[in-house]
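Structure, as structure tokens:
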Amino acid sequence: MCPSILNADHSKLHSEIERVAADSDLLHLDVMDNIFVPNLTFSLDQSREIIEASSIPVDAHLMINAPDSDAFKYAQAGAVSVTFHIEASEHPLATISAIRAAGARASVAIKPGTPFSRVEPLLTEIDMLLVMTVEPGFGGQKFMAEMMPKLHEARAAIDSIGRDIWLQVDGGIAMETIAVAAAAGADAFVAGSAVYKAESPAVALQELRKLATQAASLE
Ligand code: DX5
Ligand code: ZN
């Protein structure tokens, strides 16, 4: 479980992170540059402050136009996983290497309109694949169930090469949708609104985890 602090209260991020820490595996940090997506969130310096202050490891999701020059800086800043969008990268192999060299897990993300085939050649290199289930840019959007065939395809390809690659979903993950994503093969789940709009983010995370675990065990 990777709660996203995009829709948390940014004026008290420290306590917002503490509310989810005990029930989270990674803290999902959405970095947006207002170029790759029409929204602006955390700068590199702000990201570093959040990473240093967080009691749980940080999963940085870079929705930025220049990952080839900047992605590794988030690894240097201490993120344990750095995800960049394939649509913004001209030299993904070099970017993956730079992230790894800086000590983080390297991950690529694909937008809803990008086919899995675009990243399939990278499966021998990456530690995680993020399949977006909304258009990146904003929290609180509707889960795109039509991405499930792409998740199935990714899961089958990951299993066939036998590397331990995490398969993450991000966008609209909630009580009503997480089981569908888990059944389609996802094993890492980002949730923003479903966690921070809940009365108790901790209880919401526990329930989401239970639903995902149940759905995965039925497969
Ligand atoms: C959207 C971000 C997501 C967002 C998810 O571009 O990548 O991580 O915070 O928010 P919800 O869970 O509300 O869809
Ligand atoms: Zn995200």
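The values are calculated or read from the model by the stated rules, or taken from the named source; none is laboratory data. Note that the structure is predicted; figures quoted are calculated from it, not measured. Neighbour counts are summed over all protein chains in view; Cβ atoms, including those assigned to glycine, are modelled from backbone coordinates with ideal geometry. Heads up: the accessible areas ignore ligands, DNA and RNA and are worked out on the full protein's heavy atoms, side chains in. Shrake-Rupley method; radii C 1.70, N 1.55, O 1.52, S 1.80 Å.
Selection over the range 168-213 of residues that are outside any helix (DSSP H, G or I) and over 14 Å from the mean Cα position of the chain (by Cα) gives a count of 10. Mind listing just one residue for me: the one in the range 175-219 that is open to solvent by 40 Å² or more (accessible area, probe 1.4 Å) and touching an Asp or Glu at 6+ places or on another chain (Cβ under 8 Å) and, of those, farthest from GLY140 (Cα to Cα)? Per the criteria, the residue is ALA216.
Considering the conditions (1) assigned to a loop (DSSP other than H, G, I, E, B); (2) touching a Gly at 6+ places or on another chain (Cβ under 9 Å); (3) not polar (S, T, N, Q), ASP164 is excluded by exactly one of them, (2).
Mind listing whichever residues of the range 50-63 are touching a Leu at 6+ places or on another chain (Cβ under 7 Å) and crowded, with 24+ Cβ neighbours inside 10 Å? It would help to see each step written out before you state the result.
Pass one, the range 50-63, residues touching a Leu at 6+ places or on another chain (Cβ under 7 Å): 50, 54, 56-61.
Once the filter is applied, which keeps residues that are touching a Leu at 6+ places or on another chain (Cβ under 7 Å) and crowded, with 24+ Cβ neighbours inside 10 Å, the range 50-63 yields VAL58, ASP59, ALA60, HIS61.
Among the residues making up the range 28-59, those that are closer than 21 Å to MET1 by Cβ and away from ligand 1 (no atom under 11 Å from the Cβ) are PHE42, SER47, ILE50, ILE51, ALA53, SER54, SER55, ILE56, PRO57, VAL58. Quick check on ALA66: is it open to solvent by 20 Å² or more (accessible area, probe 1.4 Å) and either under 16 Å from LEU129 (Cβ atoms) or away from ligand 2 (no atom under 15 Å from the Cβ) (or both)? For ALA66, the condition - open to solvent by 20 Å² or more (accessible area, probe 1.4 Å) and either under 16 Å from LEU129 (Cβ atoms) or away from ligand 2 (no atom under 15 Å from the Cβ) (or both) - is met. Figure legend. Inter-residue proximity from the range 180-195: first residues at pLDDT 95 or above and away from ligand 2 (no atom under 13 Å from the Cβ), second residues open to solvent by less than 10 Å² (accessible area, probe 1.4 Å) and part of a strand (DSSP E or B), beta-carbon distance below 6 Å, spacing 6+ or different chains. Indicated pairs: ALA181/VAL169; GLY185/LEU167; ALA186/LEU167; ALA186/VAL169; ASP187/LEU167. The residues listed here are SER47, SER89; of these, the one that is within 20 Å of HIS10 (Cα to Cα) and either in contact (Cβ under 8 Å) with a residue 60 or more places away in the chain or open to solvent by less than 60 Å² (accessible area, probe 1.4 Å) (or both) is SER47. Residues that are surrounded by fewer than 17 Cβ atoms within 10 Å (Cβ to Cβ) and of a type in the set (A, V, I, L, M, F, W, C) within the range 92-116 comprise LEU93, ALA94, ALA101, listed in sequence order. Quick one: is PRO149 within 16 Å of ligand 1 (Cβ to nearest atom) and modelled with pLDDT of 95 or more? No.
Could you tell me which residue of the range 147-172 is surrounded by the fewest Cβ atoms within 10 Å (Cβ to Cβ), considering only residues that are in contact with a helix residue (DSSP H, G or I) (Cβ under 7 Å, 6 or more places away or on another chain) and closer than 13 Å to ALA188 by Cβ?
LEU167
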